[in-house]
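One structure is given here, and the rest of the page talks about it.
The values are calculated or read from the model by the stated rules, or taken from the named source; none is laboratory data. Predicted model only: the values in this text are computed from it and were never measured. Please note: Cβ atoms are built from the backbone with ideal geometry, for glycine as well, and neighbour counts cover all protein chains shown.
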Amino acid sequence: MRVPVEKVKRWVGLDILKCICAFLVIYIHTPIPGRVGDMILALSQIAVPVFFMISGFFYRKVQEDGRTAMQMKKIAILLAISLVLYGVWDLLAAVRLHIPLGEWLTGRFQPKAILIMLLFNEALFGYHIWYLGAILYVLFLYTKVGLHKVKGLVWVIPLLLAGNLLVGRYGFVLFADGFPGYLERNWLLLGLPFFALGRFLFDKIDVLRAKISRVMLIACVLLFFATSLLEDYLLRDIAAIFPGDMYISTIFLAMAVFLLFALFVGSGGSRATACLVGIGRKHSTWIYILHLLVISVIREVMDAVFHRIYHGWLLFLTILCTLGMVLIGSRVVRRK
């Protein structure tokens, strides 16, 4: 017997998916060389869209519980901490390279860079931190502006996603010079459409549950993964020079994976699954925030000790070290 959406206490499958996506984000920045590595990279592109979809999916519950203000405050604090953390790391790198403080300040805090950050979420430090700014903007639009009350918002989603593709990978197909990455990676063309899509799927989840089978979703995942690989093959030369965040198939693959985990993936009772659930539920955001810092440190150590970067090891070391940092930090905070 199916359980109505209102009675589901915890979407365990989505917790597992958050964990997987956190590791996929790490993979995007530490890919394994070779064709197999490229295939995994094509799959990994769904990670950030899925994060936005999960946030949108849970928005109504957060709103009903009166936790929207608390959620926005938490994300704003995480954004501030992240900017300070990566700013300090960037300053230390400047000191090591003997760059004068004044030159570093004027280089990093240019008015144009600040304006781009405010408009398009491109962080001054830690370029992946744009995600926190984007989700904060989207939550503000939903909570304070009341965007969720706008009828027909769902019909705007395809237009925004088409705009994302136009200024992303396909922009370099249609236009010789393409567009800056921040036009693709921001609250408007990536955050808002996937958040709204997640919110829409929450409202329709019981209908989808009744009409879609596990086999259908698995078939969709395989199909759109195959078409993602085809797009990757066709655009490989362009993507190598101008790596965008999405293919057309990425959109449909993200939706299929999301629904598969939401509807048909449960806890199963095993320790391994419980571990994935715990990581996804409690630590996925911090893994996302810290992983680039960990990558930078490991690269520095590898270069100093071995005078080269072992790319095959970099991925696994980053996962282990990032996860270790997050788990230790979580225990220290809990004890306080």
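Return only the number of the condition from (1) modelled with pLDDT of 95 or more; (2) in contact with a Ser or Thr (Cβ under 8 Å, 6 or more places away or on another chain); (3) within 20 Å of Ile54 (Cβ to Cβ) that Trp89 does not satisfy.
(3)
Considering the range 34-79 alone, what residues qualify as being free of Cβ contacts under 8 Å to residues at least 12 places away in the same chain, farther than 30 Å from Leu223 by Cβ and not basic (Lys, Arg)?
Val62, Glu64, Asp65, Gly66, Met70, Ile77
Among the residues of the range 93-110, count how many are within 21 Å of Ala123 (Cβ to Cβ) and basic (Lys, Arg).
1
Find all pairs meeting these conditions: Cβ atoms under 8 angstrom apart; at least six residues apart or on different chains; first residue within the range 276-299 and without any contact (Cβ under 8 Å) to a residue 24 or more places away in the chain; second residue buried (at least 21 other Cβ atoms within 10 Å of the Cβ) and hydroxyl-bearing (Ser, Thr, Tyr).
Cβ pairs passing all conditions: Ile298/Thr318.
I'd like to verify a number: residues in the range 77-127 that are within 27 Å of the chain's Cα centre (by Cα), of a type in the set (A, V, I, L, M, F, W, C) and outside any helix (DSSP H, G or I), how many?
The qualifying residues number 4.
On the phi > 0 side of the Ramachandran plot and within 19 Å of the chain's Cα centre (by Cα): is that true of Gly152 in this structure? Write out each step before concluding.
On the way: on the phi > 0 side of the Ramachandran plot: yes; within 19 Å of the chain's Cα centre (by Cα): no.
So Gly152 does not fit the description; no.
Please verify whether Gly198 is in contact (Cβ under 8 Å) with a residue 24 or more places away in the chain, buried (at least 18 other Cβ atoms within 10 Å of the Cβ) and touching a Ser or Thr at 6+ places or on another chain (Cβ under 9 Å), treating the condition exactly as stated.
On the way: in contact (Cβ under 8 Å) with a residue 24 or more places away in the chain: yes; buried (at least 18 other Cβ atoms within 10 Å of the Cβ): yes; touching a Ser or Thr at 6+ places or on another chain (Cβ under 9 Å): yes.
Considered against the rule, which asks whether it is in contact (Cβ under 8 Å) with a residue 24 or more places away in the chain, buried (at least 18 other Cβ atoms within 10 Å of the Cβ) and touching a Ser or Thr at 6+ places or on another chain (Cβ under 9 Å), Gly198 comes out as yes.
Which count do you get for residues in the range 148-180 that are without any contact (Cβ under 8 Å) to a residue 40 or more places away in the chain and assigned to a helix (DSSP H, G or I)?
Residues meeting the conditions: 10.
Can you confirm whether the range 274-294 contains a residue that is modelled with pLDDT of 90 or more, within 27 Å of Arg96 (Cα to Cα) and hydroxyl-bearing (Ser, Thr, Tyr)?
There is at least one residue in the range 274-294 that is modelled with pLDDT of 90 or more, within 27 Å of Arg96 (Cα to Cα) and hydroxyl-bearing (Ser, Thr, Tyr).
Can you tell me which residue among Ile129, Ile114 is out of contact with any helix residue (DSSP H, G or I) (no Cβ under 9 Å at 6 or more places or on another chain), within 19 Å of Ala76 (Cβ to Cβ) and at pLDDT 95 or above?
Values: Ile129 fails: out of contact with any helix residue (DSSP H, G or I) (no Cβ under 9 Å at 6 or more places or on another chain).
Selected residue: Ile114, the only one of Ile129, Ile114 that is out of contact with any helix residue (DSSP H, G or I) (no Cβ under 9 Å at 6 or more places or on another chain), within 19 Å of Ala76 (Cβ to Cβ) and at pLDDT 95 or above.
Being part of a helix (DSSP H, G or I) and free of Cβ contacts under 8 Å to residues at least 40 places away in the same chain is the filter; apply it to the range 258-275 and report the residue that is farthest from Tyr86 (Cα to Cα).
Of all residues in the range 258-275, those part of a helix (DSSP H, G or I) come to 258-264, 271-275.
With the extra rule that they be free of Cβ contacts under 8 Å to residues at least 40 places away in the same chain, the set shrinks to 271-272, 274-275.
Working: Arg271: 34, Ala272: 32, Ala274: 32, Cys275: 29 Å.
Checked the range 258-275; the qualifying residue farthest from Tyr86 (Cα to Cα) is Arg271.
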